[in-house]
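All remarks here apply to the structure that follows.
The values are calculated or read from the model by the stated rules, or taken from the named source; none is laboratory data. As the structure is a computational prediction, the values presented were derived from the model and not from experiment. Quick reminder, even Gly has a Cβ in these numbers, built from the backbone with ideal geometry, and neighbours come from all protein chains shown.
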Amino acid sequence: MVADRSRSSARRRVGLLGGTFDPVHVGHLIVAESVREKLGLTQLRLLVAGDPWMKDQESPAEHRVAMARAAVASNPAITVDDRETRRDGPTYTAETLAQLHAEEPDVDWTFLVGADAAARLPDWHDIDQALELAAFVVVARPGSSLPNHDLMDRVTVVSAPMVEVSSTQVRADVAAGRSIRHRVPEVVIHHIRGNVLYR
């Protein structure tokens, strides 16, 4: 019994916040830090999507990873995982979670999704396996409506401050020559300008 308690106490709780992060913005970072603290996670990782089967992105993976890493460089509790960008073909959450379990068996995984993504959970590839491999947490705006499907019985809902920022709008503003200051970290703005992204 003593050994069992020792193994249990040694386990880490790590959260995963997936996204294309094209580009990462302050809304992503506020949610990441808020939920990490609220759930008492040891660490939170931004899981940068490679070729997400349900979503398109505009920038090559190396730029999206570099921007995400720059954005969280000053916060040791938040890191970036780029494994999905190194996988050929569409990326599926269930496969990523299985790989993480094999690599880090001492971790209890938490997978964060927004309310919009939660609405599509029944369509996810191998969703039952994914729900077995990680505790799914739906991050919702306080007082917002939630999806109404059976899988919501298998997730936890937490509220977090939401900032009205979208990567789509950021890209559009860059293309139009409009300011994105204060919506995107300065280091990310420098990367966008230096690599002439979204023009």
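Assorted remarks:
- For the range 78-87, the condition holds for at least one residue, the condition being that it is out of contact with any His (no Cβ under 8 Å at 6 or more places or on another chain), modelled with pLDDT under 95 and over 14 Å from Thr20 (Cβ atoms).
- Subset of the range 120-147 that is surrounded by fewer than 17 Cβ atoms within 10 Å (Cβ to Cβ) and within 18 Å of the chain's Cα centre (by Cα) - its residue that is farthest from Val35 (Cα to Cα): His125
- Within the range 71-93, the set of residues being small (Gly, Ala, Ser) and surrounded by fewer than 18 Cβ atoms within 10 Å (Cβ to Cβ) comprises Ala73, Ser74, Ala77, Gly89.
- Residues considered: Glu33, Glu62, Glu95, Glu103. Of these, the only one that is touching a residue at least 40 places away in the same chain (Cβ under 8 Å) and acidic (Asp, Glu) is Glu33.
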